[in-house]
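To start, the structure itself, in structure tokens.
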Amino acid sequence: MKKIHSEHHLSSLPWDDYALIDSGDSMKLERFGDIVVARPETQALWKKMRPELWDAAHAEFSFHEKKGLWNMKKSVPESWEISWNALRFLIRLTGFKHTGVFPEQAPNWEWISEKVSKLEKPNILNLFGYTGVASLAAAQAGAFVTHVDASKQSLEWAHENARLSHIEEDRIRWVLDDALAFAKREVRRGAKYDGVILDPPAFGRGAKGEVWKIEEGFPILLETLKKLLSEKPGSFFLVNGYAAGYAPSSFVQAIESTFGSSAETSEYGELYIQESASERVVPAGIYVRFVVEAVH
């Protein structure tokens with residue numbers, strides 16, 4: 001009987017070094033280690049549940065005349081370490097309101113670790129790798145990772161995170177390049193990967209000024225990655241999406257139309273972050289993932 005894809009939403013629960021303390025009024029209050037920050041959150045259309053806690057914020061991000069600015073209310077270090085399981089990585093307050101980690105991805109980090117551990121020294125490709133927590137999770141579980149990002153700053157940050165997590169130097173290959181251009185070259189080289197992870201933005205520029213638009217580049221990238229993904233059982237594919245306007249079903253249907261029978265067991269849905277003191281969740285992106293199964 002043919003298996004079909006299933007919709008399943010993933011909730012990231014608080015861990016020792018991270019918690020979503022409260023949310024509401026288009027904001028979210030989070031703790032990264034010992035530092036509490038307040039950031040804009042368009043999904044938080046509800047009222048704050050615990051308004052008395054918001055004075056604890058060390059810093060608050062806001063937009064003024066289309067420019068982002070952190071208002072430092074207490075002393076905040078330029079960077080500080082937090083951990084997730086055995087991984088350690090740096091947190092920084094950037095000019096784009098980000099901190100260098102997306103906590104909603106924790107269920108996917110667990111999934112990556114589990115899938116890698118079932119494979120024999122797999123080669124994993126992580127495109128749009130950013131600061132590399134997914135790459136660290138794969139490497140620590142036994143993979144050899146090719147980490148690709150078009151931002152030198154993000155690549156250096158990811159490399160710092162790898163050193164903090166004591167990942168051996170030969171476990172991760174760091175590549176400063178445009179994701180699509182790199183993937184096309186890998187096809188010409190005859191490369192194969194046992195796992196592919198990607199987090200494509202809505203818009204971006206490659207290392208040499210290449211323009212990325214998801215509506216144009218995503219279908220081409222999927223066709224390219226189909227040629228790179230190994231057909232051996234246990235190989236896996238994971239895509240995360242933050243581009244506004246796209247539903248999980250849009251991503252899963254694009255992937256199934258490209259990968260065919262390999263993607264028949266796709267899981268897909270929304271990523272959530274659950275508040276530490278309630279059942280309330282903040283929607284935080286979408287995902288699609290599948291594992292190549294044995295042919296019967």
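Residue count for the range 170-188 satisfying the condition of being out of contact with any Asp or Glu (no Cβ under 9 Å at 6 or more places or on another chain) and closer than 23 Å to A139 by Cα: 8. For the residues F182, F259, F290, F237, the requirement of being among the aromatic types (F, W, Y) and under 22 Å from S151 (Cβ atoms) singles out F182.
Within the range 1-26, the only residue that satisfies the criterion of being in contact with a strand residue (DSSP E or B) (Cβ under 9 Å, 6 or more places away or on another chain), surrounded by fewer than 18 Cβ atoms within 10 Å (Cβ to Cβ), farther than 17 Å from Q105 by Cα and at pLDDT 95 or above is S26. When the residues of the range 232-257 are filtered to those that are buried (at least 17 other Cβ atoms within 10 Å of the Cβ) and among the polar types (S, T, N, Q), the one that is modelled with the lowest pLDDT is N240. Kindly provide the set of residues from the range 12-68 that are assigned to a loop (DSSP other than H, G, I, E, B), under 21 Å from the mean Cα position of the chain (by Cα) and in contact (Cβ under 8 Å) with a residue 60 or more places away in the chain, ordered by number. Those that are assigned to a loop (DSSP other than H, G, I, E, B), under 21 Å from the mean Cα position of the chain (by Cα) and in contact (Cβ under 8 Å) with a residue 60 or more places away in the chain: L13, P14, D16, D17, E41, Q43, A44. The criterion of at least 3 residues that are more than 23 Å from G100 (Cα to Cα) and at pLDDT 95 or above is met by none of the strands (runs of 3 or more DSSP E) falling completely within the range 141-222. Filtering the range 1-11 to residues that are in contact (Cβ under 8 Å) with a residue 24 or more places away in the chain, aliphatic (A, V, I, L, M) and out of contact with any Gly (no Cβ under 7 Å at 6 or more places or on another chain) leaves only I4.
The values are calculated or read from the model by the stated rules, or taken from the named source; none is laboratory data. All values derive from a computational prediction rather than experimental measurement. Virtual Cβ from ideal backbone geometry, glycine too; neighbours counted across all protein chains shown.
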